[in-house]
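Novice: Okay, here's the structure, questions in a sec.
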Amino acid sequence: MEIKKQNIHMNYEKGSAMSQITLDDDYNLPDYRPDIVKVLKEKGEIRFDEIQVKEGRIYVKGNLIFHVLYRSDMEEHKLDCLRGQIPFEETISMDGVNELDPVDVTADLEDINIGIINSRKLSVRALVMLKAEMRMRKETELITGVTMEHPLELLQNRRNILELETCKKDNFRLKQEMELPQSKPNVEQILWKSVQLRGVETRLREEKIQLTG
């Protein structure tokens, strides 16, 4: 009797952990910025500076980058903006992780609130969820059939298996010039930027993938 086997490669999640941190700090306006009267809009993002994997834990170091659009006390330029950052360090505990294991850490800024303490100082509060995932690759041997000379019963079970054909990255640069309507005043300074991808659709073509949005 001869057993037929086939090797398959599998990616599996060896471990994961989450940590929720609260950032709370005061921010003093630089001297070259005018006084704050009212906060109009705020937004933020998390950027990592360093990720170290140790036995049983993951050390994360980064910054909360925040942007504020506010109304100032200036008579001519009533709107102004500023950019600041708050550093943070966090240790995420994860069972089974070792120094050489591949770990992916992501951050989700769940909430950010920026208030006025006085005309030269802001209160910045943010809620950040950190998630660490450790994915490993292993080979598994599957029995696919049996060659036999004597009568033998064989129980088979069908399973759908996904295979990763390719994994690629491509940079797409979009450049477009826009003219302001005649009814709008001339631009002196860009105070606020907001870029979003919306309505993205993908279509499979011959040897390529087409994206529209």
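Novice: Quick check: is even one residue across the range 188-196 outside any strand (DSSP E or B), surrounded by 12 or more Cβ atoms within 10 Å (Cβ to Cβ) and touching a residue at least 60 places away in the same chain (Cβ under 8 Å)? I'd like the intermediate steps shown before the answer.
Specialist: As a first pass, look at the range 188-196 and keep what is outside any strand (DSSP E or B): 188-196.
With surrounded by 12 or more Cβ atoms within 10 Å (Cβ to Cβ) added as a condition, the list becomes 191-192.
Next, only the ones that are touching a residue at least 60 places away in the same chain (Cβ under 8 Å) stay: 191-192.
Within the range 188-196, one or more residues are outside any strand (DSSP E or B), surrounded by 12 or more Cβ atoms within 10 Å (Cβ to Cβ) and touching a residue at least 60 places away in the same chain (Cβ under 8 Å).
Novice: Let me ask you something else. So how many residues does the range 118-158 have that are touching a Gly at 6+ places or on another chain (Cβ under 9 Å) and surrounded by fewer than 12 Cβ atoms within 10 Å (Cβ to Cβ)?
Specialist: 2
Novice: Quick test for you: out of D111, D170, pick the one residue that is among the acidic types (D, E) and in contact with a Leu (Cβ under 7 Å, 6 or more places away or on another chain).
Specialist: Result of the check over D111, D170: D111.
Novice: If you check L122 against the conditions, is it in a strand (DSSP E or B) and closer than 19 Å to R47 by Cα?
Specialist: Working: in a strand (DSSP E or B): yes; closer than 19 Å to R47 by Cα: no.
Spelling it out, it is not the case that L122 is in a strand (DSSP E or B) and closer than 19 Å to R47 by Cα.
Novice: Please count how many residues of the range 17-37 are more than 23 Å from A126 (Cα to Cα) and part of a strand (DSSP E or B).
Specialist: The qualifying residues number 0.
Novice: Determine which member of the set L79, L109 is more than 23 Å from the chain's Cα centre (by Cα) and hydrophobic (A, V, I, L, M, F, W, C).
Specialist: Being more than 23 Å from the chain's Cα centre (by Cα) and hydrophobic (A, V, I, L, M, F, W, C) holds for just one of L79, L109, which is L79.
Novice: Same structure, new question: Considering only the range 161-195, state which residues are closer than 30 Å to V39 by Cα and of a type in the set (A, V, I, L, M, F, W, C).
Specialist: Passing the criteria: M178, L180, V187, I190, L191, W192, V195.
Novice: Just the residues that are hydrophobic (A, V, I, L, M, F, W, C) and under 30 Å from M18 (Cα atoms), please, taken from the range 133-188.
Specialist: Looking only at the range 133-188, we keep the residues that are hydrophobic (A, V, I, L, M, F, W, C), and these are 134, 136, 142-143, 146, 148, 152, 154-155, 161-162, 164, 167, 172, 174, 178, 180, 187.
Once the filter is applied, which keeps residues that are hydrophobic (A, V, I, L, M, F, W, C) and under 30 Å from M18 (Cα atoms), the range 133-188 yields M134, M136, I161, L162, L164, C167.
Novice: Looking at K5, K41, can you tell me which residue is loosely packed, with under 15 Cβ neighbours inside 10 Å, assigned to a strand (DSSP E or B), in contact with a Phe, Trp or Tyr (Cβ under 7 Å, 6 or more places away or on another chain) and among the basic types (K, R)?
Specialist: The unique qualifying residue is K41.
Just so you know, all these numbers are worked out from the coordinates, no wet-lab data involved. Owing to the predicted nature of the structure, the values given are computational and were not obtained by experimental measurement. Cβ coordinates were reconstructed from backbone atoms using ideal geometry, including for glycine residues, and neighbour counts include every protein chain displayed.
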